[in-house]
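For reference, the structure is listed below as structure tokens.
The values are calculated or read from the model by the stated rules, or taken from the named source; none is laboratory data. Since the structure is predicted, the reported quantities are computational estimates derived from the model, not experimental observations. So basically every Cβ, Gly included, is an ideal-geometry build from the backbone, and we count neighbours across all protein chains shown.
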Amino acid sequence: MHTPNSNGPLLQPRPYPSLLTLVIPMYNEGAVVPHLRSVLDEFMTEVKGETEVILVNDGSTDSTLAQIAAWAREDPRIKVVNLSRNFGHQSASTAGLDYASGDAVVLLDADLQDPVSVIHQMIARYCEGYDVVYGQRLIRQGDGIFKRLSAWLFYRLMRSLVHKDLPLDTGDFRLISRSCLDGLQQLRETHRFLRGMIAWVGYPQIAVPYQRAARVAGETKYPLRKMLTFAWTAATSFSALPLKASVWLGLIVTLFGLEEAVRAMLAHIFHWYAVPGWSSLTVLVSVLGGATLMSIGILGEYVGKIYEQAKNRPLYLVSRTFNIVEPRKHQDGAEFMTQSEYR
């Protein structure tokens, strides 16, 4: 039976997920693990079906791996994927999604800024027929004014540069259905922006508003420098707009050159004082040189990404796993195993 929806897609209700997977990438979150364990132990008792938690250790240098490995030894529902080094948040998230086997998969951070209680609302929307249910932040507790303003600007720029359907004020905290995840796993580009990729694959999507809490412990792994790098990677990976911007930059330089030509003629006619040729030559050479270098730099970013993609290296390498015994299919269809412990 399909549910009519005049403002969106036709939805087909589905049963409560028999297996819910939580995917949590972790990098130097040793201080957070005890809090996370307490919260998840309580949450898993509230879920009607079975639950598995996939913790992806992204090359942590603190006690994160030792703590989550000990946790996995005591609880078979906890599965650990240990990457061979730090591959970055987006690749670590991809690794967790690749190992997820649930009917519905929830991607969230380890810092507990995204309350796990919201997942119950996401599951309710999933049962209505939505394939993607993303958390939309109403309030960002613990963030300063600058952080809030920069985040507000970031999401609106990303919507302009990356994808017109990219939801505003949302991070990676979302529930994904198995059918949507199967489609998402076909996208294996090296430079990943999961929020844009999930928006690109389509499927019925809806927001669940919530209030974002402050970190329970530790420090943020996304300072301003990383946020700017993340934004640039997302823009150049998902949009050709920066390349098109270089065309507009060239047009502006051309108009500026015409203006300088008109000013030089007027100076000659009206005998305005000026060092002959100095100002116009200096300004034009500087502006033209700067515009040329910027255009070459933007083009170089795209060429560099093509070069890295052409090498076809894996998105991540797994050194060990805990409580994972099923073979996992690689993108080319081959099955392989990694060294797994416990279970």
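Checking each residue in segment 8-36 for being in a helix (DSSP H, G or I) and buried (at least 19 other Cβ atoms within 10 Å of the Cβ) picks out VAL33, LEU36. Within segment 285-343, the set of residues being within 22 Å of GLN90 (Cα to Cα), of a type in the set (S, T, N, Q) and at pLDDT 75 or above comprises ASN312, SER319, THR321.
Rundown of residues vs (1) modelled with pLDDT of 75 or more; (2) assigned to a helix (DSSP H, G or I), yes/no style:
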position	(1), (2)
MET197	yes, yes
TYR203	yes, no
ALA217	no, no
LEU228	no, yes
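Only one entry in VAL80, VAL106, VAL47 is within 21 Å of ARG192 (Cβ to Cβ) and among the hydrophobic types (A, V, I, L, M, F, W, C), namely VAL106. Between ASP41, ASP62, the distinction of being of a type outside the set (Ser, Thr, Tyr), in a loop (DSSP other than H, G, I, E, B) and either in the same structural domain as VAL325 (by TED's automatic domain parsing) or surrounded by 22 or more Cβ atoms within 10 Å (Cβ to Cβ) (or both) belongs to ASP62 only.
GLY59 satisfies every condition listed in (1) modelled with pLDDT of 90 or more; (2) farther than 29 Å from GLN121 by Cα except (1). When segment 167-180 is filtered for residues that are under 23 Å from GLN113 (Cβ atoms) and not β-branched (Val, Ile, Thr), the ones remaining, listed by number, are PRO167, LEU168, ASP169, GLY171, ASP172, PHE173, ARG174, LEU175.
Scanning segment 65-87 for residues that are buried (at least 22 other Cβ atoms within 10 Å of the Cβ) and among the small types (Gly, Ala, Ser) yields a single hit, ALA72. Restricting the first residue to segment 72-88 and requiring it to be in contact (Cβ under 8 Å) with a residue 12 or more places away in the chain, which pairs with a second residue that is surrounded by 16 or more Cβ atoms within 10 Å (Cβ to Cβ) and among the charged types (D, E, K, R) meet a Cβ separation below 7 Å and a spacing of at least six or different chains? Taking only residues 6 or more apart or on different chains, the pairs are ALA72/LYS79; ARG77/GLU52; LYS79/GLU52; ASN82/ARG320; LEU83/ASP58; ASN86/ASP58; PHE87/ASP58.
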